[in-house]
Amino acid sequence: MDGDMDEVVEEKDDRLQTLMAILIAIVVAIGAIVVWRSSLAEDAAGDADFDGMRAVVFAENTRALNYVNAYEDYRNYLRYWYYTRLGELIDADLATADGEQADLLDQEARAAYNQADANAYFFETRYLNRDGAYNVQRQLGSMWADEQRIKDLEYESKFAVADRLRIKTLHLLLALMVISIAPVFYSLVESVSGGFRLVMITIGSVFAIAGTILAVLIEFTR
């Protein structure tokens with residue numbers, strides 16, 4: 001009789017050991033998947049950082065060149081405006097001049113207008129406002145938009161993606177910490193007896209399930 005009881009107890013212990021081994025293997029597999037997903041998120045964050053830094057270089061280079069070119073156009077506009085205004089002032093004096101002075105003023109006026117016409121070729125007339133003023137900011141905005149169509153200049157969004165992925169990595173590691181508590185309780189099952197075994201299995205399973213659910217939520221919501 002005692003032999004039969006011992007066999008039953010031994011069989012239950014074997015089943016329990018097998019169950020614990022299966023549960024631990026499942027938890028380890030889930031933990032490995034979480035580590036893999038967190039590693040992918042960290043790698044993607046690094047790629048996003050690299051793309052962001054490259055976009056920063058492109059953006060700063062583009063901004064510098066645009067300022068140089070736009071203000072070069074603006075300088076040519078100012079020369080155009082100066083010689084045009086000079087010609088107008090000379091024309092005003094010419095209206096009251098006569099003889100040799102009138103001829104001299106006429107020559108000076110023509111020279112001023114010629115200089116104005118020469119400089120008119122070196123700036124974008126489409127950026128002139130209705131009052132004749134040159135809109136440098138509008139030109140800079142237009143040049144930026146043109147460059148944006150051929151270059152990646154949006155670095156802020158890439159850094160935001162990198163930050164989001166790093167937060168995801170951190171949260172996945174926190175979920176892994178929760179999952180990793182489960183094998184501890186599963187391992188303690190063999191060191192206790194009676195109802196305590198069920199308590200250990202339950203606590204371990206709660207941590208395993210909670211950590212898994214947390215990892216899944218993080219994966220699909222971050």
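The values are calculated or read from the model by the stated rules, or taken from the named source; none is laboratory data. The model shown is predicted, which means the values in this text are computed figures rather than measured ones. Heads up, the Cβs are rebuilt from the backbone with ideal geometry, glycines too, and the neighbour counts pull from every protein chain shown.
Listed here are the residues, each with its yes/no results for (1) touching a helix residue (DSSP H, G or I) at 6+ places or on another chain (Cβ under 7 Å); (2) of a type in the set (Val, Ile, Thr).
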{"position": "Gly87", "(1), (2)": "yes, no"}
{"position": "Gly99", "(1), (2)": "no, no"}
{"position": "Ala102", "(1), (2)": "yes, no"}
{"position": "Ala120", "(1), (2)": "yes, no"}
{"position": "Ser142", "(1), (2)": "no, no"}
{"position": "Asp146", "(1), (2)": "no, no"}
{"position": "Ser157", "(1), (2)": "no, no"}
{"position": "Val161", "(1), (2)": "yes, yes"}
{"position": "Ile181", "(1), (2)": "yes, yes"}
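Inside segment 201-221, can you point out the residues that are under 17 Å from Leu23 (Cβ atoms), hydrophobic (A, V, I, L, M, F, W, C) and surrounded by fewer than 20 Cβ atoms within 10 Å (Cβ to Cβ)?
Result: Ile201, Ile203, Val206, Ile209, Ala210, Ile213.
What residue, of Ala32, Ala70, is in contact (Cβ under 8 Å) with a residue 24 or more places away in the chain and either among the small types (Gly, Ala, Ser) or not in a helix (DSSP H, G or I) (or both)?
From the options Ala32, Ala70, the qualifying one is Ala70.
Could you say whether any residue in segment 123-144 is crowded, with 17+ Cβ neighbours inside 10 Å, over 29 Å from the mean Cα position of the chain (by Cα), within 30 Å of Ala41 (Cα to Cα) and aromatic (Phe, Trp, Tyr)?
no
Give all pairs with beta carbons closer than 6 Å in which a residue from segment 103-116 that is within 14 Å of Asp93 (Cβ to Cβ) meets a residue that is modelled with pLDDT of 90 or more and assigned to a helix (DSSP H, G or I); count only pairs at least 6 apart in sequence or on separate chains.
The qualifying pairs are Leu105/Ile90; Glu108/Ile90; Ala109/Gly87; Ala109/Ile90; Ala112/Tyr83; Ala112/Leu86; Ala112/Gly87.
Given the conditions (1) within 30 Å of Ile167 (Cα to Cα); (2) charged (D, E, K, R); (3) surrounded by fewer than 17 Cβ atoms within 10 Å (Cβ to Cβ); (4) touching a helix residue (DSSP H, G or I) at 6+ places or on another chain (Cβ under 8 Å), report the number of the one that Glu60 does not fulfil.
(4)
Return the residues of segment 126-171 that are hydroxyl-bearing (Ser, Thr, Tyr) and in contact with a Phe, Trp or Tyr (Cβ under 9 Å, 6 or more places away or on another chain); say none if nothing qualifies.
Selection gives Tyr127, Tyr134, Ser142, Tyr155.
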